[in-house]
Amino acid sequence: MDRTRNILAAAVDSDAKFREALGEVLEGLGWTIQDLARKAGVSPSTLYKITNEQRSPSMEVIRKIIKAIREAEGLTAGSFIALIVTRRVLDEVVERSVQIGNETVKIREYPASTVEDAIVSAIRAERDGAVAVVCAPIVSPTIERILDIPIATIVPRDSVTEAIKLAARKTKA
């Protein structure tokens, strides 16, 4: 579960769990309260009161905190293309961003080992703010029916040909 989901789940549960989750996120990012205050546009005194059990966070403050964390992780809406493939394929991908005009769009990996994993990952990617999804042809028709963002299908022409040749060699062995 990513950092922002942990914070949201904790905020729904209780103020104490929210404080604990926020502390873990700050530690994980290497941020201080002052760093978060600056990045989120929230006064340091408000954050100190929240973290020291003197105040419950408002929805506005939670939204600002989430936005700052998402920006730090490169997860702002519209900032990445989701690549949903097996771990083996991900290991072969070298590019971590793509240039579109004057803008660089990051590639975020979503490993999937089953069709169900791929569908769940596609939904998660859209919720995370993906501008598009790249996936295997076996799942793209289903994902296209579910998501409201563009879907690009991987067409592995060369690898299919190589796999057929390998299968043919194996039948002769």
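Any read-out appearing in this document is the output of simple, stated calculations on the displayed coordinates, not a laboratory observation. If you're wondering where the values come from, they're calculated on a predicted model, not measured in any experiment. As a convention, Cβ positions derive from the backbone with ideal geometry for all residues, glycine included, and neighbour counts pool all protein chains shown.
Across G30, G129, G101, mean-square fluctuation computed from a Gaussian network of the chain (C-alpha pairs under 10 Å connected) peaks at G101.
Averaging over every viewing direction, what projected area does the convex hull of the Cα atoms of the chain cover, in nm²? Don't skip to the answer; put the middle values down first.
Numbers: hull surface 53.5 nm².
Spelled out: convex hull of the Cα atoms, projected over all directions, averaged, 13.4 nm².
Could you state the per residue volume, in Å³, of the convex hull enclosing the Cα atoms of the range 80-172?
Numbers: hull volume 10.2 nm³, N = 93.
Expressed per residue, the convex hull around the Cα atoms of the range 80-172 is 110 Å³.
Between K170 and I123, the simple spin-label model (points 7 angstrom out along Cα→Cβ) gives 3.3 nm.
Under 14 Å from the Cβ of L90, count the other residues' Cβ atoms, weight Lys and Arg +1, Asp and Glu -1, and hand me the total. So the environment of L90 carries a net charge of -1. Evaluated over the Cα positions of the range 1-68, the convex hull gives a direction-averaged projected area, one quarter of its surface, of 3.8 nm².
Ordering E53, E92, E71 by the number of other Cβ atoms within 10 Å of each residue's own Cβ, fewest first, gives E92, E53, E71. Contact order, relative form, for the chain: 15 percent (alpha carbon pairs under 8 Å, 6 or more residues apart, mean separation divided by residue count). Ignoring lysines fewer than eight residues from K106 along the same chain, the ones with Cα atoms less than 27 angstrom from its Cα are K39, K64, K67. Using modelled amide H (1.01 Å from N, peptide plane; none on Pro or chain starts), what sits under 5 Å from the amide H of R108, excluding residues fewer than 5 places away? Amide H neighbours of R108: I81, A82, L83.
Ordering E126, E116 by the number of other Cβ atoms within 10 Å of each residue's own Cβ, fewest first, gives E116, E126.
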